[in-house]
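A short worksheet on the structure shown next.
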Amino acid sequence: KDFKTHRTAPIEGQKPGTSGLRKKVAVFSEPGYLETYTQAIFNAIDPAGKTYVLGGDGRFFNSEAIVTILRMAAANGVTKIILGQNGILSTPAVSHLIRKRGADGGFILSASHNPGGPNGDFGLKYNTANGGPAPESITDKIVACAETISEYRISGDLPETLKTLSDLGSYTVDDMEIEVVDPVDDYAALMEDLFDFDAIRKMISSGFTLRFDAMHAVTGPYAIEILERRLGATTGSVVNAIPLLDFGGGHPDPNPVWAKDLFDHMHGPDAPDFGAASDGDGDRNMIVGKDIYVAPSDSLAVLAANAHLAPGYAHGIAGVARSMPTSAASDRVAEKLGIEAFQTPTGWKFFGTLLDAGRATLCGEESAGTGSDHVREKDGLWAVLLWLNILAVRGESVADILLDHWQTYGRDYYSRHDYEGLDTDAANALMAELKDKLPTLPGQTAAGLNVIAAEDFAYTDPIDGSVATGQGVILTYAGGARAMLRLSGTGTEGATLRVYLEQYTAPDGNLIRDTQEALSNVVAATSQVAGIQKLLGRTGPDVVS
Ligand code: VG1
Ligand code: CO
């Protein structure tokens, strides 16, 4: 074999967060940085003789990183790499390919919703053979390998024919096969299996209009193929469809703040019937109807209540899982359907065991992530298609469906307030102080609300018994209000405090209040309990979603 061994040493901060390792491009592209982390993963997973899927969201440094990983895979004895053409694969498409091809795992190059470009972020995530993000048992092993690493292995330059990664077909590099595949084909076929494309096509041909904002990120080619070519949406229904290295300077995070253009469009005079957006790597979704935004927690609940209307879920769903800070709306649906409901820590990796065991069929997070057991990642376009399938069958508008849902189950008013760019020590101190006083909180009143429970969320996986502690603070108030506080694990600069707020209103209550107004008491009480203004010097959040 033609490879070289280079000396290296452990690098400070090479530790995956909520979803893989994320750093500034300038850090990831330092000589030896990517190589050292990639070797740490290889050391943890023993890749000799194995097959992996490889692709990314196309952001700046994607192609360079792919070439490096290919050369290192060859040097580490990998048998085969299944590579997305031009180095492109959405996160759900990677998950599907791993499963479909029976691969041993995959490598996803993405920092998801974080901005890209030379001054933006880059990321690397390892997924296991079930198609899902590596569980903590494996990420712990990767960290241990990163802490003791002393060398990495890399083969010589790739042949010229392969350098652009643009031609489909099979290639050989140092005994390793590289198969370059179309990134969209298999994924689009899976979507056709799950949903009633005929019904959706019929709805669209009879005048139903839609706008999908790909935010210049990875979903553009997927959405053009599926929504425009296969389902007949008018050309131009998919906007910002061309993936760009820096996402056109945007922030590919599908929420009312960063996808403001779509949001405004859906509230303007030319609003189509349905609007949606996805993120950098295609695993998130934002759903907007004419003049109405669907909060992600509500979306999960509506999808759970109506999934049986799509062919892929016609036999019903086994259970619904949501992350802890996601609202309880989906729990109410599960209760009515008589199926299990789960509350997991933040991050898709915690859904894997439930999906594998068939205990949960649908999963979701408040951060615009929804998915099912069709893959082991959240899936932006899947959520869009399930919504379209439901709209086609019910023949009602997004607003009607949402209102009907609230009238049946009640409404969980919900919002997330992010305090960004915080001094890391100050943010850690706030969480530490809050955790210290948890035992004293029940019984106290803040801003007129009574705290009835306060806990530091810990989770025992019901399938494999693994335990995750310190997953965020939950404050439960009398009168159906809840607040959750945790620090983000995906940022690359300073710290971000996320404060998640919810207030339940029963079906006979006022279901059409302004969300921030409905939550004002919970906001005030939580700011006071956690001492946000006092400890952070901030009077309000930077991003409200
Ligand atoms: C955020 C979200 C979390 C999501 C994660 C990865 O994590 O809150 O729900 O799973 O991003 O999503 P954090 O630690 O910053 O709160 V993605 O689309 O980056 O793969
Ligand atoms: Co993402």
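Please work out if residue 95 is closer than 20 Å to residue 379 by Cα, modelled with pLDDT of 95 or more and among the small types (Gly, Ala, Ser).
yes
Considering region 72-111 alone, what residues qualify as being within 15 Å of the chain's Cα centre (by Cα) and of a type in the set (Ser, Thr, Tyr)?
90, 91, 95, 110
From 159, 133, 115, grab the single residue that is touching a His at 6+ places or on another chain (Cβ under 6 Å) and either at pLDDT 95 or above or surrounded by fewer than 22 Cβ atoms within 10 Å (Cβ to Cβ) (or both).
After ruling out the rest, the residue left standing is 115.
Read through the list (1) crowded, with 21+ Cβ neighbours inside 10 Å; (2) in contact with a Ser or Thr (Cβ under 9 Å, 6 or more places away or on another chain), then give the number of the only condition that residue 290 fails.
(1)
Condition check ((1) crowded, with 24+ Cβ neighbours inside 10 Å; (2) within 11 Å of ligand 1 (Cβ to nearest atom)) across all residues:
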| position | (1), (2) |
| --- | --- |
| 275 | yes, no |
| 303 | yes, no |
| 313 | no, no |
| 323 | yes, yes |
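Test residue 371 against the stated conditions and say whether it is within 13 Å of ligand 1 (Cβ to nearest atom), touching a residue at least 24 places away in the same chain (Cβ under 8 Å) and over 22 Å from residue 276 (Cβ atoms).
Answer is no for this residue.
Which condition breaks for residue 366 when tested against (1) among the charged types (D, E, K, R); (2) over 22 Å from residue 472 (Cβ atoms); (3) surrounded by 24 or more Cβ atoms within 10 Å (Cβ to Cβ); (4) touching a helix residue (DSSP H, G or I) at 6+ places or on another chain (Cβ under 6 Å)?
(2)
Which of the residues belonging to region 479-496 are part of a loop (DSSP other than H, G, I, E, B), in contact (Cβ under 8 Å) with a residue 60 or more places away in the chain and away from ligand 2 (no atom under 16 Å from the Cβ)?
Listed by number, the residues that qualify are 493, 494.
Yes or no: residue 504 of a type in the set (Phe, Trp, Tyr) and within 16 Å of ligand 1 (Cβ to nearest atom)?
In short, no.
Kindly check whether there is at least one residue in region 354-377 that is within 16 Å of ligand 2 (Cβ to nearest atom), out of contact with any Pro (no Cβ under 9 Å at 6 or more places or on another chain) and farther than 15 Å from residue 293 by Cα.
Yes: region 354-377 contains one or more residues that are within 16 Å of ligand 2 (Cβ to nearest atom), out of contact with any Pro (no Cβ under 9 Å at 6 or more places or on another chain) and farther than 15 Å from residue 293 by Cα.
When the residues of region 496-541 are narrowed to those that are at pLDDT below 95 and under 19 Å from residue 257 (Cβ atoms), which ends up nearest to the chain's Cα centre (by Cα)?
Within region 496-541, the match that is nearest to the chain's Cα centre (by Cα) is 540.
Please find, among 405, 417, 374, the residue that is in contact with a strand residue (DSSP E or B) (Cβ under 7 Å, 6 or more places away or on another chain) and either at pLDDT below 95 or surrounded by 20 or more Cβ atoms within 10 Å (Cβ to Cβ) (or both).
417
Taking the condition of being more than 19 Å from the chain's Cα centre (by Cα) and buried (at least 19 other Cβ atoms within 10 Å of the Cβ), how many residues in region 462-483 meet it?
Residues meeting the conditions: 7.
Does residue 342 fit the bill of being at pLDDT 95 or above, buried (at least 24 other Cβ atoms within 10 Å of the Cβ) and either more than 16 Å from ligand 2 (Cβ to nearest atom) or not assigned by TED's automatic domain parsing to the domain that holds residue 239 (or both)?
no
The values are calculated or read from the model by the stated rules, or taken from the named source; none is laboratory data. Computed from a predicted model, the values in this text were never measured in an experiment. We place every Cβ from the backbone using ideal geometry, glycine too, and count neighbours over all the protein chains shown.
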